[in-house]
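Everything below concerns the one structure shown next.
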């Protein structure tokens, strides 16, 4: 990780120099136009969603589809906030995400430690067993898991989401941890053993502290998996609502006021995006670390 | 740091174990989670803190589809407030889930035999499947006390093997909503009364560059709102009801004839070609914005249509073959229903409560114009919108109801039926193909 | 003595290994494997969602046969559709991601800004993305139709049923799915591109290699492992896709846009057919796993 970012910082300078000399300005313009086009395609949804949330039904349904609203209906935001407890939705989603991430991290670090640093027969087999999790579709477990959740008695609590989400994120977590852990020299383990650390001691004192860069990476992949999940969230809980389920509340059987729906969509989306923008560099680096190590 | 890690590890172990399901440590997590999150949500009777000197507190939980955006939501709030105020001994909680997600949820719950005490359901086969699997509490005993307010005829769609299993809320029929301003442009001052007039009116609309009908093709039930009245007014209510109940066959030349009319409508451009890719809410909004002359759909739309900017009216679909069908034969009936789970520990109390709640819901939903009352009305109804009043008049003249096809049929059959209906709307098959297909697949 | 000591140590080691794996295995088996095993058992029965498992409704593998032979279950079509989506994903989405990654990865002004924005759709809920594209595709006032009118590609007044016309609905439904995850794969690949040794690039450049040559002979080979992961994700993701299709077309018109998961939910929830629904679930798992293996093999052989 450290090595990569050093490269990234030091060398593009020289590379840029080459490119500035070499790249044909016409090509450069074309490249920028293409990128700008793609930028537009990606930003437009946000613009559209924002204007949508301020328009009356008439404007939404045809009179003014893409333009700025003629009248700015800020009151839709108030209506949306009054209708559903957005703060609660966010709090629920955040606590689910945080605990899912925490569990995924701890469980996958432990499993990875056993799978990569302890020598035993059949570990590759167990490893590929875990990797099955990468390909299993969430939907396949819907009904049987419902029964299990009821039996265990966690229906409608946050655990009804946290536990399935952690399980479905586990494979990815192990995959990423394996990459990171592979970079920690085995000598360290041996040194710790000689110092009298047991397996657990080595894990907690040596490995876990060195794995801190991996935490953010696992966290991001897990976050992406659970933040917008809808199927489980709407089936396994009823009073404990996360953001996607809360948003779906706005689509009633006979919904009429689309501006309020738009406002709700905005309230649900923009805070996440704002945080992303502030932390985008860190988030991207962590995400990318996963790509390299995983 | 070490301590924290150790603590978290311990916590994770517990969580990990409880994911195991059937193993014993599961009970640990049950107690932790319920202590943390669901103090009031537990369905058990709480024994420890009983602040009221009154009878034992009973908790009841209800699931329904009246989300905050649903037009029925305010009625639910008012009705629940009223009924819970009368029952301080009941600790009532309710949760609403959006329509589509609700179906997934309620079926998963029924499959696990974990239905909430009270749940919203649709009459006909939807509830019937649950009843067949012994998931629903029989309401015969509780009904006795309410029989005077709730006519037995309203329970037809929730009666199985002679026993009552549901409390109907509102009843709705298919109505032909019309934009009278548009009809006036082609010389009609009232909704056409005969089929020939209707066709003439539509032809004139098409000639004037207007679109007569709006119908969503993405949500196939909307197409049935057009096809079923057409079928009923061609073959008669009795025969259609038999076909839906599988007591009679689809193989009936009159059905081919009726479907032929429907295809004529398509061929003559009566339908908005865009309808095929639109959802119902988009189509309905198009109608409310004045894009279509007619919108044939459930009468739960009365309040919204009445509030539109144009002069509106609602009527019954005209008779086509008067030797078999007559006016007063309608599609619809009480379908929105509350039921009580057989697994509820307080089913008896819940049954009584459900009837009271159903009566209150019926009251407020009717006043809000989102349906006709399934219960007897003993209150003033001065502010009800004119369309709902018109529908009430139509229903007063009614002499036969056939429940919506997809509600009347069992789940699998309904999907097969909807499949063929969507193919007809998309002109993928013709009348004979429709009849032959349904005859082969259903009977 | 020594031997006993060693054995004890082995046992202790074994216990430790087991304890380290326990949370992971418990979670994984309890939440994924056990329900899937249950799904497999259901798939051997002709049962409704509300029936219990019983000997009477045991039918062996008949559900699997029916899945492919019965004309009334659009599974073969759904499978073809999702394979087409997978192919489009691999041959259109990933090259686009790779192109963007290569462009941005070699360093240019505004690189970070572009990256951040391109990644954004990944964070937006699919429900919201679905609603947005519904509006873009609306035949009457949708932006797409209006834009084509304005550019005179389409004669003004002509309407196109983007999601309602069988011939184009599939393509229309796939575009948003492909679009949403371009940024995801781009960032994965960008990470790889940035990881390519700068010395290597410089050396190649001094030897007079063009951009294209550098990308072809240096960058792409070195990010092959990442491309492999992307391909696996893209293919299994295509097989599993559900949310956007559900919002945009719900499998219609006339099953033209059906994918395995929509057929599965239709069987399982709308038709109460737990047996058949579970059969599709099991097929999906098998297929996902099969393709992941095949892709793994294919990349290994190339090395």
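Read-outs throughout are calculated quantities, based only on the coordinates presented, and are distinct from any laboratory measurement. All values derive from a computational prediction rather than experimental measurement. Note: ideal-geometry Cβ built from the backbone for every residue, glycine included; neighbour counts use all protein chains shown.
Between B:234, B:381, B:249, the Gaussian network model of chain B with springs among Cα atoms under 10 angstrom shows the greatest mean-square fluctuation at B:381. With springs connecting C-alpha atoms under 10 Å apart, model chain B as a Gaussian network and identify which of B:351, B:178, B:411 has the largest mean-square fluctuation. Among B:351, B:178, B:411, the largest GNM mean-square fluctuation belongs to B:411. Sorting B:362, A:226 from the fewest to the most surrounding beta carbons within 10 angstrom yields A:226, B:362. The angle between the Cα long axis of helix B:431-441 and the longest principal axis of the Cα atoms of chain B comes to about 30 degrees, rounded to the nearest 10. In terms of the Cα gyration tensor, with a ≥ b ≥ c the square roots of its eigenvalues, is region C:232-279 rounded because a/c is under 1.5, prolate because a/b exceeds b/c, or oblate? Because a/c hits 1.5 or more and a/b fails to exceed b/c, region C:232-279 counts as oblate. Taking all Cα pairs closer than 8 Å and separated by 6 or more residues, the relative contact order of region A:85-249 comes to 41 percent.
Note on region A:144-243: the alpha carbon radius of gyration divided by the globular reference 2.2 N^0.38 Å gives 1.43. Label-to-label distance for residue B:148 and residue C:293 is 7.3 nm, based on points extended 7 Å past Cα in the beta-carbon direction.
Once both labels are positioned 7 Å from their Cα atoms along Cα-to-Cβ, the gap between residue B:307 and residue C:222 label points is 6.3 nm. Peptides C:242-248, A:178-184, B:437-443 ranked from most to least packed give C:242-248, A:178-184, B:437-443, packing being the mean of other C-beta atoms within 10 angstrom over each peptide's residues. The average projected area of chain B, computed from the convex hull of its Cα atoms over all directions, is 26.6 nm². Here the calculated FRET efficiency for residue A:124 and residue C:286, from their Cβ-Cβ distance with R0 = 25 Å, stands at 0.70, rounded to the nearest 0.05.
In summary, chain A shows an alpha-carbon radius of gyration equal to 1.26 times the 2.2 N^0.38 Å reference for compact globular proteins.
Beta bridges per DSSP, both residues in the protein assembly as shown: antiparallel share near 65 percent.
Taking 0.36 nm per residue of separation and subtracting the Cα-Cα distance, full extension of the segment from residue C:152 to residue C:59 would add 27.6 nm. Taking the alpha carbon gyration tensor of region B:108-197, multiplying each eigenvalue by 5 and rooting it gives semi-axes of 40, 17, 11 Å, largest first. Helix B:2-18 and the longest principal axis of the Cα set of chain B meet at an angle near 60°.
Placing dummy labels 7 Å off each Cα toward the beta-carbon, the span from residue C:84 to residue B:396 is 5.6 nm. Footprinting exposure proxy ranking of C:112, C:301, A:123, C:201, fewest other C-beta atoms within 10 angstrom first, gives C:301, C:112, A:123, C:201. Across the protein assembly as shown, the convex hull enclosing all Cα atoms gives 194 Å³ per residue. R0 = 41 Å: FRET efficiency of residue C:209 with residue A:95, Cβ-based, nearest 0.05? Efficiency computed from Cβ-Cβ geometry: 0.20.
Its relative contact order, with pairs defined as Cα atoms under 8 Å and 6+ residues apart, puts region C:69-302 at 29 percent. Angle of helix B:26-37 to the longest C-alpha principal axis of chain B, folded into 0 to 90 degrees and rounded to 10: 70°. Let a ≥ b ≥ c be the square roots of the eigenvalues of the Cα gyration tensor of region C:69-302; is it rounded (a/c under 1.5), or, if not, prolate (a/b larger than b/c) or oblate? Oblate shape, in that a/c is at least 1.5 and b/c is the bigger or equal ratio. Shape class of region C:45-190 from the alpha-carbon gyration tensor: oblate, with a/c at 1.5 or above and b/c at least as large as a/b.
Full extension of the segment from residue C:13 to residue C:301, taken as 0.36 nm per residue of separation minus the current Cα-Cα distance, would add 99.9 nm. Bridge orientation summary for chain B: considering DSSP beta bridges with both residues in this region, about 60 percent are antiparallel. Computing Rg and the Kirkwood Rh from the Cα coordinates of region C:202-290 gives a ratio, Rg/Rh, of 1.30.
Value of Rg to Rh for region B:162-236, rounded to two decimals, is 1.09; Kirkwood radius and Rg both from alpha-carbon coordinates. A Förster radius of 41 Å, combined with the Cβ-Cβ distance separating residue A:39 from residue A:81, puts the computed FRET efficiency at roughly 0.85.
Comparing mean-square fluctuations of B:275, B:371, B:123 from a GNM of chain B with C-alpha springs under 10 Å, the top value falls on B:275.
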